[in-house]
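The values are calculated or read from the model by the stated rules, or taken from the named source; none is laboratory data. All values reported here derive from a predicted model rather than from experimental measurement. A quick note on method: Cβ atoms are made from the backbone with ideal geometry, for glycine too, and the neighbour counts reach across all protein chains shown. Note: areas computed on protein heavy atoms with side chains; ligands, DNA, RNA excluded. Shrake-Rupley method; radii C 1.70, N 1.55, O 1.52, S 1.80 Å.
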Amino acid sequence: MKKFLPSRFPAPRKLITILIPISLFVFGWWFGLPASEKSDSTAGNSASETVWTCSMHPQIRQPAPGLCPICAMDLIPLEGGEAGGLRQVSVSPEASALLDLRVSPVVALSENDHHAISVFGRIAHNERLTTSISSRIAGRIERLFIDYTGIHVHEGDPLAELYSPEIYLAQRELIEARDAMTVGPATLRNTRRKIYEAALRKLELLEISPQEISTILTAENPSDRIIIRSPQSGRVTAKLVNQGDYIKTGQQLFTISDHSTVWLNLEVYEDQLPLMTEGLEVDFTIEAIPGEVFSGKIAYIDHLIDPLKRVAQVRVDVENPEDKMKPGMFASAKVMASSIPPGMGSENQLVTIPESAILRTGERAVVYVRVPGVDPVFEGREILLGAKLGSRQIVMIGLAEGELVVTNGAFKLDSELQLKARPSMMNPDAGLVEKPAHEAPEDLAGQWQPVLRALGRLQRAGESAVIAGEISTMKMAVEKVSTDTFQPELLGLWTEFSNRLRIDLQNATKQLPENPTGAKSIVRRSVEEAGRYLGLPSGAMAVSPVDQATAARLQMLVEAYLPVAKALAADDPGLAAAAALDFSEAADTAELREPAVLISNSTDLKVQRAAFEEISNELISQIRANGLDRIGNAYVIHCPMVGSNKGADWLSSVPQVLNPYYGASMLDCGSITETLSLGK
């Protein structure tokens with residue numbers, strides 16, 4: 001044995017001499033391999049990270065290959081894996097710290113929230129208490145009782161003495177008519193009385209005060225002078241004549257303004273105007289009157305915007321009993337306004353974010369949102385901005401309460417997307433591929449028709465109210481799309497373009513009052529854009545008018561039909577028979593009544609389901625012809641496995657698959673292929 005071992009194995013030193021060159025060769029060969037060949041050796045590890053799904057039931061997610069638990073078909077790898085959305089950026093914790101990324105929560109607004117808006121203003125005359133005094137006759141200013149601007153006068157105080165030949169003639173006519181009407185026969189006295197009344201009326205039309213007329217009536221001789229008196233109390237804010245001036249009829253002499261109340265004219269920027277309403281309390285301070293806080297209420301909001309300053313005048317009525325506030329004084333005001341703009345209740349789910357979180361480019365605004373998970377992942381999202389609240393901004397569309405938005409470092413994340421040629425702030429369509437019009441998956445295409453039908457009605461509409469109604473219908477149709485069965489790639493595209501569509505619909509609503517044609521164009525272009533990238537048709541669908549009585553009949557039939565579908569999905573033949581009996585009593589045609597009676601008279605699920613398919617086909621056909629968009633919720637769901645892969649349809653009031661043809665054995669088999677109607 002001892003002799004045998006040395007003959008089989010060389011000495012250790014010789015063994016090392018042989019192994020070292022072999023090891024160096026192997027290592028050199030490995031490091032020289034291309035990266036693609038190296039990855040083949042680690043395919044086993046990556047395979048374990050692949051997610052597998054069923055082509056018929058996309059909701060199935062399995063970590064390994066196998067059979068679908070619903071239909072027993074072979075699972076396939078999930079398209080696109082779990083790489084994330086179109087605008088998602090993954091950042092390691094270390095990189096996040098180096099980039100100094102900071103986030104802030106999205107805060108919801110309620111109707112009880114108020115916000116102090118700081119604005120600048122000036123004290124001004126109250127135009128309602130300001131009077132211009134002009135002369136009704138021509139003449140010369142003989143004397144000025146008010147010889148400087150700013151003096152305070154009371155109602156009835158003399159302002160000026162006017163010489164006028166016209167006054168002399170008018171007074172002479174009155175005095176002569178006064179003396180003549182008391183002499184002569186009665187008939188003549190009546191005539192002279194009328195002349196006297198005409199002369200008296202002439203002086204009144206010349207705005208001679210009653211006191212002056214009384215003086216004239218007691219005088220023996222007419223005068224060529226008259227006193228002009230103040231019609232109100234206040235301060236003389238303008239003196240436009242001097243003693244000795246000749247004036248014409250209608251020439252302005254003085255302006256008098258009562259400062260017991262003044263106006264505070266605030267300059268409010270246009271993005272703050274939606275928060276302003278008449279009656280809001282305003283507190284303000286004046287630098288020239290330190291230590292005092294004044295208050296008033298908004299009385300008027302101007303409808304014109306200064307084209308240079310981009311501000312509108314908002315007027316506040318302010319009591320000024322001690323005459324402390326002088327026109328022209330500067331004021332700093334705070335308006336306590338509701339955080340939710342008027343006309344937008346809490347159902348709009350308005351939220352606010354810090355101003356620093358927003359990336360702006362033209363009319364678009366983008367934020368980056370922290371995606372929940374272990375590793376820091378951020379997603380870019382286009383939003384629709386509302387009014388500004390100090391250092392925060394209202395977001396009308398695009399964010400939900402509790403989400404975290406990036407307030408520092410968002411531009412760095414956007415730059416990363418730009419480098420990867422993916423949708424970003426500067427290029428929202430980067431990396432997107434246009435698709436043919438009918439390439440969208442069935443579960444999305446089946447929920448798209450209400451949008452196109454609303455577009456068809458909108459394009460034919462002429463009245464703004466009708467257009468607004470169809471835009472509202474489109475918003476609802478987009479928001480009601482169920483994404484439970486969407487593949488990740490489709491979900492990312494739908495999230496992007498449904499968000500854009502909602503923003504465009506809101507912008508169209510804002511433009512509608514002034515430009516209905518422009519609003520229609522916004523909607524049409526947005527639908528076309530979504531269709532190009534989602535593989536959906538974008539042409540408007542024509543819908544015939546629906547008779548109300550027919551729609552009510554179909555709605556009643558659908559309500560009676562749904563319990564039958566629910567019972568069959570629960571594999572309960574007795575309950576299905578009872579529900580079918582109720583449906584047969586509501587059915588008014590043989591095509592609906594006869595199969596319903598068959599279900600009610602049987603306890604065999606196979607027989608019941610065959611008859612149920614007849615009812616479904618007939619009811620779907622009638623709704624297509626006479627009840628589109630007028631009978632509440634009605635989704636057509638198709639299962640391709642029924643009848644030896646022939647397939648069958650049924651109606652559902654919700655976008656959820658509960659298969660009445662298979663029940664518990666394949667309850668989730670099916671997808672939405674058509675939306676016949678959407679309830680409000």
Counting only residues in the range 439-474 that are under 22 Å from Gly535 (Cβ atoms), out of contact with any Phe, Trp or Tyr (no Cβ under 8 Å at 6 or more places or on another chain) and among the charged types (D, E, K, R), the one least open to solvent (accessible area, probe 1.4 Å) is identified as Arg453
- [ ] For the range 593-616, indicate whether the set of residues that are open to solvent by 10 Å² or more (accessible area, probe 1.4 Å), small (Gly, Ala, Ser) and either closer than 30 Å to Ser544 by Cβ or within 39 Å of the chain's Cα centre (by Cα) (or both) is non-empty.
- [x] no
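Which residues, taken from the range 513-536, are open to solvent by less than 10 Å² (accessible area, probe 1.4 Å) and either touching a residue at least 40 places away in the same chain (Cβ under 8 Å) or polar (S, T, N, Q) (or both)?
Ala519, Val523, Ser526, Val527, Gly531, Leu534, Gly535, Leu536
Looking only at residues in the range 108-124 that are open to solvent by 70 Å² or more (accessible area, probe 1.4 Å) and touching a residue at least 12 places away in the same chain (Cβ under 8 Å), which one is farthest from Asp414 (Cα to Cα)? Outline the logic, then answer.
Step one: of the range 108-124, the residues open to solvent by 70 Å² or more (accessible area, probe 1.4 Å) are 111-112, 114, 118, 120, 122.
If we keep only those that are touching a residue at least 12 places away in the same chain (Cβ under 8 Å) as well, we get 111, 114, 118, 120, 122.
Working: Glu111: 34, His114: 34, Ser118: 33, Phe120: 37, Arg122: 44 Å.
In this case the residue turns out to be Arg122.
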For the range 568-584 the number of residues that are more than 17 Å from Pro595 (Cβ to Cβ) and open to solvent by less than 10 Å² (accessible area, probe 1.4 Å) is 0
When Arg593 is run through (1) without any contact (Cβ under 8 Å) to a residue 12 or more places away in the chain; (2) touching a Phe, Trp or Tyr at 6+ places or on another chain (Cβ under 9 Å); (3) within 19 Å of Ala445 (Cα to Cα), the failure sits at (3)
Only one of Glu166, Glu204, Glu161, Glu212 is over 30 Å from Ile305 (Cβ atoms) and free of Cβ contacts under 8 Å to residues at least 12 places away in the same chain, namely Glu204
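Conditions tested, residue by residue: (1) buried (at least 18 other Cβ atoms within 10 Å of the Cβ); (2) β-branched (Val, Ile, Thr).
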position	(1), (2)
Ile247	yes, yes
Val262	yes, yes
Met276	yes, no
Phe294	yes, no
Asp306	no, no
Val314	yes, yes
Ser332	no, no
Asp504: passes all of (1) in a helix (DSSP H, G or I); (2) open to solvent by less than 20 Å² (accessible area, probe 1.4 Å) but (2)
Filtering the range 132-158 down to residues that are open to solvent by less than 40 Å² (accessible area, probe 1.4 Å) and of a type in the set (Ser, Thr, Tyr) yields Ser135
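Sort out which residues of the range 173-190 are of a type in the set (A, V, I, L, M, F, W, C), out of contact with any Pro (no Cβ under 9 Å at 6 or more places or on another chain) and either open to solvent by 40 Å² or more (accessible area, probe 1.4 Å) or in a helix (DSSP H, G or I) (or both), and write them in order of number.
Start the filter on the range 173-190 by keeping residues that are of a type in the set (A, V, I, L, M, F, W, C), which leaves 174-175, 177, 180-181, 183, 186, 188.
Subset that is out of contact with any Pro (no Cβ under 9 Å at 6 or more places or on another chain): 177, 180-181, 183, 186, 188.
Listed by number, the residues that qualify are Ala177, Ala180, Val183, Ala186, Leu188.
In the range 550-567, what residues are of a type in the set (A, V, I, L, M) and either closer than 15 Å to Tyr661 by Cβ or open to solvent by less than 70 Å² (accessible area, probe 1.4 Å) (or both)? Quick ask: steps written out before the conclusion?
Going through the range 550-567, the residues of a type in the set (A, V, I, L, M) turn out to be 551-552, 554, 556-558, 560, 562, 564-565, 567.
Answer for the range 550-567, where residues must be of a type in the set (A, V, I, L, M) and either closer than 15 Å to Tyr661 by Cβ or open to solvent by less than 70 Å² (accessible area, probe 1.4 Å) (or both): Ala551, Ala552, Leu554, Leu557, Val558, Ala560, Leu562, Val564, Ala565, Ala567.
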Restricting the range 278-292 to residues that are under 14 Å from Met329 (Cα atoms) and not in a strand (DSSP E or B), the one most open to solvent (accessible area, probe 1.4 Å) turns out to be Glu287
- Query: Does Glu161 count as part of a helix (DSSP H, G or I), on the phi < 0 side of the Ramachandran plot, open to solvent by 30 Å² or more (accessible area, probe 1.4 Å) and of a type outside the set (A, V, I, L, M)?
  - Reply: no
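Filter the range 191-212 for residues that are of a type in the set (Asp, Glu) and in a helix (DSSP H, G or I); which is surrounded by the fewest Cβ atoms within 10 Å (Cβ to Cβ)?
Keep residues of the range 191-212 that are of a type in the set (Asp, Glu), which gives 197, 204, 207, 212.
From what's left, in a helix (DSSP H, G or I): 197, 204, 212.
Numbers: Glu197: 13, Glu204: 11, Glu212: 19.
Here the answer is Glu204.
Show me the strands (runs of 3 or more DSSP E) entirely contained within the range 54-125 in which 2 or more residues are under 30 Å from Asp271 (Cα atoms) and at pLDDT 85 or above.
Values: elements: 88-90, 102-105, 114-124.
Filter on the range 54-125 gives 102-105, 114-124.
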Pairing a residue in the range 537-564 that is modelled with pLDDT of 90 or more with any residue that is crowded, with 16+ Cβ neighbours inside 10 Å and among the polar types (S, T, N, Q), where Cβ atoms lie under 7 Å and the two sit 6 or more apart in sequence or on different chains, gives Met541/Gln449; Thr550/Asn626; Leu554/Gln622; Leu554/Asn626; Leu562/Ser653
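Across the range 469-483, what is the total count of residues that are acidic (Asp, Glu) and closer than 15 Å to Ile397 by Cβ? Outline the logic, then answer.
Step one: of the range 469-483, the residues acidic (Asp, Glu) are 470, 479.
Retained after the next criterion (residues that are closer than 15 Å to Ile397 by Cβ): 479.
Of the residues in that region, 1 qualify.
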